[in-house]
Structures are given as C-alpha cells and as structure tokens.
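The structure appears right after this line, and notes come after that.
Values quoted throughout were computed directly from the atomic coordinates according to the rules given, and no laboratory measurement underlies them. Just so it is clear, the model here is predicted, and its values are computed rather than measured. Positions of Cβ are backbone-derived with ideal geometry, glycine not excepted, and every protein chain shown enters the neighbour counts.
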Amino acid sequence: MVDEFDLPYPQYRCPTCGKDLPLNEARMTVTCAEHQPAEALEFVVRSARPDDRHDIEEICDRALGETEVDVFDRTFDVLAGENLIAETGGGLAGLLSTAVDGGELVIALLSVYPEHQGQGVGAALLRAAVDLARERGLPSVRVAVSNDDIPLLYFYQRHGFALYDIALGLLADRAGAAVAGFSGILSRDEVRLRRSVCAG
C-alpha cells in the first residue's frame, strides 16, 4: 500500500479558512442549504477553440499532471476530445472534456479550479454536456469516478447520474497499489455512473 500520493496541485479549497487542500487533507462537512457560498460568479460556458489549448493543458496539468485520462478501460486524450470550458473574467474557471464511446457521451474529465468551486461552474458544464449528448442524438452520458472521491460521487448523483457498475480493484491494479486519495481514503475502484439525456 502506498501511504502518500500527491497530485500536482490542490484539488479543493477550505470554505472556512480559504486554504487550498491536496486530496488527502480535504474533509467533508454537512451543511444546510442556507450556508452555501453567497458569492455569485459570473461566467460563460462555451465550446473550446484552438486558442484555448494552453489553458486546457494548464488545467489538465494542475488536475492530473497530464492530458490523458484512463477511464472505462480506455485512454482519452483531452486535447483530442470535444471540450467545454467555463470562462470568467477572460480566464478559465473550469473544463469538461468529452468523447463518444460505445454510442454514449463520456465525460473524460471535469475540473473546476478550487477558487471557483461551489459557485455553479461544474453544474453548468455538466448541463452543457447533457445538452451536447442530446444534440448528437446520444441516449446517455457516462462518467467514472474513483471510489474515494466522495465530493464527485455526491455531485454526479445530485445531478441525476446513477451507479451502474464498479470496476473493483482497477485503480489499485493500474497504480500497482491502493493509494491514499480524498481524505486519506484508499483509491481502489472505478465507480461508473450513467445519466439518460432525458433525465430531469
């Protein structure tokens, strides 16, 4: 078992003190709907253009350290995917990268910079991906999440995705050992979720 696994940059931000947190230091709290961030972020979601390549590479580097994502027993290259970006003040707030696989739209990567999390960026990108699948005549959207990533499991289920499969031990096998992920939870399994484009 590997005790430490550092990603290239902090994935979350503490809402109380503002500290940027690596995965293994992040913790979950339960709050009522009234205690959500009050700041409204102005942003637009649009399809990525060729001149966004540098920004896309940067958010991939900070989230993963590379532009290739291994999910669903495949490697997806974000730079070759159809990408949706959220832009605020001329800068990138978030990225959602898609590809078509097996007749469905696959979300290869969803990443929102920590300073813009909790302000509707991820939800807006996800709505745009569902709309994209509908426009392409695809019946559903699939995504894979590591078993430790409780915030993403919550996020996707809250937005109409349902678990349909778990690839037990896949991540541990790929890494050579189970590694500490979110809140120190060992990352072992790939949890797969799906949403119909007709789902509300």
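Quick notes on this one:
- Segment 57-121 - convex hull of alpha carbons, volume per residue in Å³: 91 Å³
- Positive-end residue, the chain charge dipole about Cα centroid, Cβ charges, pick of 111, 180, 132: 132
- Nearest-0.05 FRET efficiency for residue 49 and residue 173, computed from C-beta distance (R0 45 Å): 0.75
- Sorted on the mean count of surrounding Cβ atoms within 10 Å across their residues, most packed first, peptides 117-126, 141-150 read 141-150, 117-126.
- Relative compactness, the chain, computed as alpha-carbon Rg over 2.2 N^0.38 Å: 0.99
- Taking each DSSP H run with n ≥ 4 as -39500 (n - 2.57) and averaging over every residue of the chain yields -6000 deg cm²/dmol at 222 nm.
- Of 50, 139, 15, the one that fluctuates the most in a GNM where the chain has Cα springs shorter than 10 Å: 50
- Rounded to the nearest 20 debye, the dipole size of the chain about its Cα centre is 740 debye, using +1 on the Cβ of Lys and Arg and -1 on the Cβ of Asp and Glu.
- FRET efficiency estimate (nearest 0.05) - Cβ-Cβ, residue 131 to residue 185, R0 30 angstrom: 0.35
- Principal axis dimensions, largest first and in whole angstrom, of segment 95-197 by Cα: 40, 34, 19
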